[in-house]
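Data first, discussion second: the structure below is written as structure tokens.
The values are calculated or read from the model by the stated rules, or taken from the named source; none is laboratory data. Since the structure is predicted, the reported quantities are computational estimates derived from the model, not experimental observations. Cβ sites come from the backbone with ideal geometry, for glycine too, and all protein chains shown count toward neighbours.
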Amino acid sequence: MASSEKNLWKKSATEIVSLLKKKEISPDEALDENLKRIKETQSSINAVVTVCEERARHQIKNLDIERKDQPGYLYGLPIVVKDLTDVMGVKTTYGSQIYKDHIPKSSDFLVERIEKMGGVIIGKTNTPEFGAGSQTFNEVFGYTPNPWNSQYTSGGSSGGTASALAAGAAWLGTGSDLGGSLRNPASFCGVVGLRTTPGTIAHGPQNLPFNDLSVDGPMARTVKDIALFLDTMTGIDYRDPLSSISNDRPYQNFINEDKHKLNIGITDDFGILACAPEVRDSINHAEKILLEMGHNVERIYPDLSESENTFQTLRAHLLATDKRELYKKHKNILKEDLRLNIEKGFELTEEKISKANIARGQIIKNTNSFFEKYDFLIAPSSMVAPFSIKEHWPKKVEDKIFDNYVSWLMTAAAISLTGCPSLAVPCSTTKDNLPIGIQIIGKRRNEGQVLNLGHKFQKHSNNYAITPFNPH
């Protein structure tokens, strides 16, 4: 390796792939650098909780170089995968003591796709038990703190991936998002994450193949890297009944298109939610940046007033349906918040579930009407900035007191109900130098346009330089 290529972990994924493609570095050299950085940071952030070096070396030996001209091909770039997602032959715990020794015999469709596209799985990232909650801790691996300050949370449930990216222990990683599990940690750690339109990324096999509330998505340090990884992850897969083709050209081609005078709606609370003062300040800052970029910006948003009751009901129903047998066998092992949410799902009546589905339909209609007049919607990724790692979830924001671990997530969860793509991108920092991110929300199937605005926003605000390469 040339001396100029030391500290490869500081480079973007796009830069590393370019070096790999030109054979200026080898996949083994990239892997060595990544493993070194994981080792340097693991005691501080506890992000990559399972490393599979031997498997990765084997993958490198079997790279399909014949596919080298395909958009999104990664040429042997190491990838981290959230510990909710099965990787064949690699310990996958789902953050639960129940599965602390679980070794999957097959990989998730998503992992198969990444490997087919030249990605090399290097390890699994930490997550709360079964991805429930937005504070990354579990009884198997413990807590994953924020790389900016270890006294604060990295968010969740994709906190392990977000923390690894922010600390330079990964170039690209997978996340998943039900009610903000990808966008929230991206915001807290100062990285980028994309909740995709359902069906954009094939996932499975799963118990509920028509579940469209939870989706997988790419996470990275820059929007440009997100576009690269999205090209890697997407592709029709007949095994997933929701899988679809949402674009007729590579997502990377959208990044540098010129877009002028976009009509953008922006809000800090949708008129119904709490929002911490520093997060409101961040939205004010985002509005200023968008105006400087030459866009029309208006304080307006779709009617999402029924979103919390709708989301709480559908989420509880989803958990109760998916985890029923697990609950019967291991009720006393599950963490309390998850157990109570499953039990809430058991108590739901058919009438309440039906009303929630109808309400979601109205939310989608309201959102469709909004996007007839506006190109994008901007909102916080979370109603709070990163909070203490000792606090499982915020109990109060402004004058609103929460009695459950879902209500404070509604800034992101409300958007989950719409099925629209949402990009979390860094915006500002708190007085304690902790990141705050925004969501850039677009029309369904318009990931390319969302990435375009996100890239321009990140470039204009110069938020490439705020990654804490020396976690403390």
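Summary of values
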| read-out | value |
| --- | --- |
| Matching strands (runs of 3 or more DSSP E) fully within region 123-198 where at least 2 residues are of a type in the set (S, T, N, Q) | 149-153, 173-177 |
| Candidates Lys288, Lys261, filtered to the one that is part of a helix (DSSP H, G or I), among the basic types (Lys, Arg), free of Cβ contacts under 8 Å to residues at least 40 places away in the same chain and out of contact with any Cys (no Cβ under 6 Å at 6 or more places or on another chain) | Lys288 |
| Residues satisfying the stated conditions in region 200-221, i.e. in contact with a helix residue (DSSP H, G or I) (Cβ under 7 Å, 6 or more places away or on another chain) and within 22 Å of Ile415 (Cβ to Cβ) | Thr200, Ile201, Ala202, His203, Leu208, Asn211, Leu213, Asp216, Pro218, Met219, Ala220 |
| Test: residue in region 218-234 that is in contact (Cβ under 8 Å) with a residue 24 or more places away in the chain, aliphatic (A, V, I, L, M) and assigned to a loop (DSSP other than H, G, I, E, B) | no |
| Any pair with Cβ under 9 angstrom, 6 or more apart, that starts in region 101-124 at a residue that is among the basic types (Lys, Arg) and ends at one that is part of a helix (DSSP H, G or I) | Arg113/Thr232; Arg113/Met233; Lys116/Arg67; Lys124/Gly160 |
| Neighbours by Cβ (under 9 Å, 6+ apart or cross-chain): first from region 302-317, farther than 13 Å from Ile363 by Cβ and touching a residue at least 12 places away in the same chain (Cβ under 8 Å); second of a type in the set (Val, Ile, Thr) and surrounded by fewer than 21 Cβ atoms within 10 Å (Cβ to Cβ) | His317/Ile353 |
| Unmet criterion (only one of (1) modelled with pLDDT of 95 or more; (2) more than 30 Å from Lys431 (Cα to Cα); (3) out of contact with any helix residue (DSSP H, G or I) (no Cβ under 8 Å at 6 or more places or on another chain)) for Lys344 | (3) |
| Residues (hydrophobic (A, V, I, L, M, F, W, C), over 22 Å from Asp240 (Cβ atoms) and within 15 Å of the chain's Cα centre (by Cα)) located in region 108-143 | Ala132 |
| Matching residues, region 215-250, being closer than 24 Å to Thr310 by Cβ and either crowded, with 21+ Cβ neighbours inside 10 Å or of a type in the set (A, V, I, L, M) (or both) | Val215, Asp216, Gly217, Leu242 |
| One residue from Glu306, Glu257, Glu292 being buried (at least 17 other Cβ atoms within 10 Å of the Cβ) and not small (Gly, Ala, Ser) | Glu306 |
| Failed criterion for Thr196 (all others in (1) in contact (Cβ under 8 Å) with a residue 24 or more places away in the chain; (2) farther than 27 Å from Asn7 by Cα; (3) of a type in the set (S, T, N, Q); (4) surrounded by fewer than 24 Cβ atoms within 10 Å (Cβ to Cβ) hold) | (4) |
| Which numbered condition Phe402 misses (of (1) more than 23 Å from the chain's Cα centre (by Cα); (2) farther than 30 Å from Tyr99 by Cβ) | (2) |
| Contacts under 7 angstrom Cβ, first residue in region 373-400 being in a loop (DSSP other than H, G, I, E, B), partner surrounded by 22 or more Cβ atoms within 10 Å (Cβ to Cβ) and among the basic types (Lys, Arg), 6 or more apart | Ser381/Arg183 |
| So Gln362, is it crowded, with 18+ Cβ neighbours inside 10 Å, at pLDDT 95 or above and of a type outside the set (A, V, I, L, M) | no |
| Pair list, Cβ < 7 Å and 6+ apart or interchain, from region 445-463 residues that are under 20 Å from Ser246 (Cα atoms) and acidic (Asp, Glu) to residues that are modelled with pLDDT of 95 or more and assigned to a helix (DSSP H, G or I) | Glu447/Leu230; Glu447/Tyr251 |
| Of residues in region 237-258 being in a helix (DSSP H, G or I) and of a type outside the set (Ser, Thr, Tyr), the one farthest from Val17 (Cα to Cα) | Phe254 |
| When residues of region 264-278 are limited to those that are of a type outside the set (Val, Ile, Thr) and part of a loop (DSSP other than H, G, I, E, B), the one surrounded by the fewest Cβ atoms within 10 Å (Cβ to Cβ) | Gly271 |
